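**Student:** Got a structure for you, written out below as structure tokens; questions coming shortly.
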Amino acid sequence: MAAVEAESDQALLDSYRNGSVKAFESIYSRYAQMVLTYSAGILMDPERAEEVLQETFISFARRANAPLQTTSICENRKDHAW
């Protein structure tokens, strides 16, 4: 798994989109502790922080194949002040 660990986030995402379980495991390994620590710091509840961690990666798994949607705040506005 060392070769997968050295890959960029984008390469891992591409691999995951192509069905690689190892890529998902690598992404999880990279970010799980960060998400858990951040969540625990905000929530001050380890059990809820675990739930946030699980929901974060469930959401990631569900959305990984969705096309990226980027929009500008002013994209649809015709009355720009500038």
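The values are calculated or read from the model by the stated rules, or taken from the named source; none is laboratory data. All figures in this text were calculated on a predicted structure; none of them were measured in a lab. Virtual Cβ from ideal backbone geometry, glycine too; neighbours counted across all protein chains shown.
**Student:** I'm checking my understanding of the structure. Among residues of region 2-51 that are of a type in the set (A, V, I, L, M, F, W, C) and outside any helix (DSSP H, G or I), which one is nearest to PRO67 (Cα to Cα)?
**Tutor:** Among them, the one singled out is ALA6.
**Student:** A follow-up question, please. Since VAL21 meets every condition but one in (1) loosely packed, with under 10 Cβ neighbours inside 10 Å; (2) under 16 Å from the mean Cα position of the chain (by Cα); (3) modelled with pLDDT under 95, which condition does it not meet?
**Tutor:** VAL21 satisfies every listed condition except (3).
**Student:** Output the residues belonging to region 52-72 that are part of a loop (DSSP other than H, G, I, E, B) and either under 27 Å from VAL35 (Cβ atoms) or at pLDDT 90 or above (or both).
**Tutor:** Those that are part of a loop (DSSP other than H, G, I, E, B) and either under 27 Å from VAL35 (Cβ atoms) or at pLDDT 90 or above (or both): ALA64, ASN65, ALA66, PRO67, LEU68, GLN69, THR70, THR71.
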